[in-house]
Structures are given as structure tokens and as C-alpha cells.
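The next block holds one structure in the form of C-alpha cells; read it before the comments.
Read-outs throughout are calculated quantities, based only on the coordinates presented, and are distinct from any laboratory measurement. Computed from a prediction, not measured in an experiment: that's the story for all the values here. Cβ: placed from backbone, ideal geometry, glycine included. Neighbour counts: every protein chain shown.
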């Protein structure tokens, strides 16, 4: 793993910090693991002792230390609905008997484990992520569980972390709970090998790009329909899929339009960066998250952005200073695509200034400084 950590971050006290709720380190699969892969080495670089709890079944070997980060491997019940829950439970049982100064959890689904950490008087913080209870994939009992767990997070953990100001407002309104706002981060990217995109028969500035799982709350179906209804002569590149059989995703893949390119998952980080950097426009349809990693990645790569009009996207893009918006209907998106198609020269200003948005607020060094400030405050309150 290549680590580009240039900032020696100041801190008041060397602490032992355990991170619970991800698949592990350096296993990178989703936003949570990317979060750990960026934050943990920087915390270590600042002099702290970091312990990351890992899903044992996902690793072929079990080194105790990687890049200075201590790794704890524990099993889980390997079923889709139980894997993370059981792993977090076992991790909590293990952690409460260790002399960690702080336990950092990710995902509000881990809220119930606050009963144990409270009982054993452990200092805890939880990054609650998005509005999981509103996501279409969690229907019925799943939605109710996420709502209950999120509420418990605000009652049982010492510090609740929201990843955007707008998310903090929602948690205040919904649960009457205050939270600390610390966003997600991104690394600045530039095109270094534009020829990589030729494997998909793509050319620079000749395609729109969407990145994310093909699930309803990312609105991939709406984006595909809106694009297909447009008279754009560019392509629409869809990076992502779902790791299971799903009628929603299958219907998207069945759309018959020669302008649409499905890449599936792109796990090569350099190739993904090139797809962002060389895109004409990135289309962001994510609906229920806070500071979304793919939106930040687009900004960090200087990609012009067309985003679904949500409070979260408006916060990151400063109400349109760093991108465009469309409403949640096909005609709105079609109209915006046709307008943007005619404004190529105008888009150049976004290619220049979007990276500045990352540098002013969303670099991983800035994010790490904020976590260290929080941890120091928690430790001093012991």
C-alpha cells in the first residue's frame, strides 16, 4: 500500500485508539475501509497507537502489524445480514477488556454495543454515516433497526460524529442530539496515464461518468433514463455494480443504448482516477448520505459535477459554486445534460477550481487533525 502522508500532525497525548465496524486494514472495499486506510496511518504518524479490528475470513494471512497499525483478527457469522453485526459484537467484547483510551466505531448500526461500552466505562465515539433507515434496501425490520440503532448511538456513545453540517442538523432534529461534524476526505488527483481509459473505448472529455453501486438510493436508473432521453453525442460510463443478483441492477444493464458503457467494478485505483480526471462531467445521484466519497473524488480530480439537488450535495458544492444540480425527475436531468453539452468552454473553470474546494476543507490531513482534536478533548475529560 502506498502511503502519501506529508503532515506530521501535532497532538497533546499519545493514545491507544481502537477502530471497530469495518472489514479491516488494509482491506479496501467501500467507504468505511477507505476511511480507515487514510485515517489510521496518519494517526500512527502523529504518534498514536492504532488498533483496527479485522474480519478474519477476509484475510489470507494475519500479520499483527501493517504500516505501524496493530491488527486484531476476529471471526464472524458469515451471512450477509449477520457478518458485520456479529463481528462488531465480538470486537466490542474483546476491546472492553483492553486498555484502549478510545474506541472509535463507524456505522450507526453499531449503536446497541454502546450498552456494553457504557457498562465498562469505555470512552467511545461513533461516526454515524448516512440516513440508513431511509434507504430503500432496508425495508421493514431493517429500516426500523437502523433507526433504533442510530437513536441508541446518540444516547450511549460519548461523542457522535456526523460527516456533514446538514447531517448534524438531521440528527439534532430527529433525535435531539448534538454531534461533532467531521467530514470524509479525498486526495487530489491528476491524469498521469490517460491512455488507460482506452480499454473502454473512451476519449478524454467525451463521456459522462457515474460511480457507485447500482442501488435505488443512488438513482442510477433515473440517470440512465435521463441520459438516454437526451440528444447528447457523448457516452455515459457506469462504474459499479452490485455483488448479488438483483432485478433493479439487471434492468439498468438491459437498457439498449450504444452510448452507455458498463465497466463493472473498477478496483484499480489508478484506472478509477483516470476515469474521473478525463470525464466530461461526473453525475452524482446519491441521495441519503452526508459527505459522499465519490463526490469528493470528483472534486479532487477536477471533474465538473452535475449532482442531484440534495442538502448534502449543496453543502459540498456550496449551492452551485462548484457544480450544477438536477431535480429528481428524468426531464430535469435531460435538460441539464443538453445545456451542459453546449457549454464545454465554460466547464474549464470547474476543472481548475474544484480541487481548491478539497484543499480548503476536505484533505485527509485536515480530517485527521479534526479527529485528533476530538480525541484529545475526550481523553482530557477522563
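Descriptive notes on the structure:
- Radius ratio Rg over Rh of region 157-199, counting only Cα atoms, Kirkwood formula for Rh: 1.39
- Cα centroid separation - region 89-121 against region 331-380, whole Å: 33 Å
- Counting neighbouring Cβ atoms within 10 Å and putting the fewest first, the residues 215, 182 line up as 215, 182.
- Ascending count of other beta-carbon atoms within 10 Å, so fewest first, for 135, 259: 259, 135
- Kirkwood Rh in Å, taken over region 275-380 so that all alpha-carbon pairs contribute: 14.7 Å
- The Cα atoms of region 194-361 define a convex hull whose projected area, averaged across directions, is 9.1 nm².
- From its DSSP helices (H runs of at least four residues, each -39,500 (n - 2.57)), the chain gives a residue-normalised ellipticity at 222 nm of -11500 deg cm²/dmol.
- Residues 86, 34 arranged by fewest to most Cβ contacts within 10 Å: 86, 34
- Max-minus-min Cα coordinates of region 118-186 on each principal axis give 33, 33, 24 Å, with the largest extent listed first.
- When both region 245-263 and region 177-206 are represented by their alpha-carbon centers, they are found 23 Å apart.
- The DSSP beta bridges internal to the chain are antiparallel in roughly 5% of cases.
- All C-alpha to C-alpha distances of region 65-167, sorted into 10 Å bins beginning at zero, yield P(r) values of 14, 44, 34, 8, 0 percent in whole numbers.
- Per the Debye calculation on the chain with a single equal scatterer at every Cα and no solvent contribution, log₁₀ I(q)/I(0) for q = 0.12, 0.15 Å⁻¹ amounts to -0.95, -1.43.
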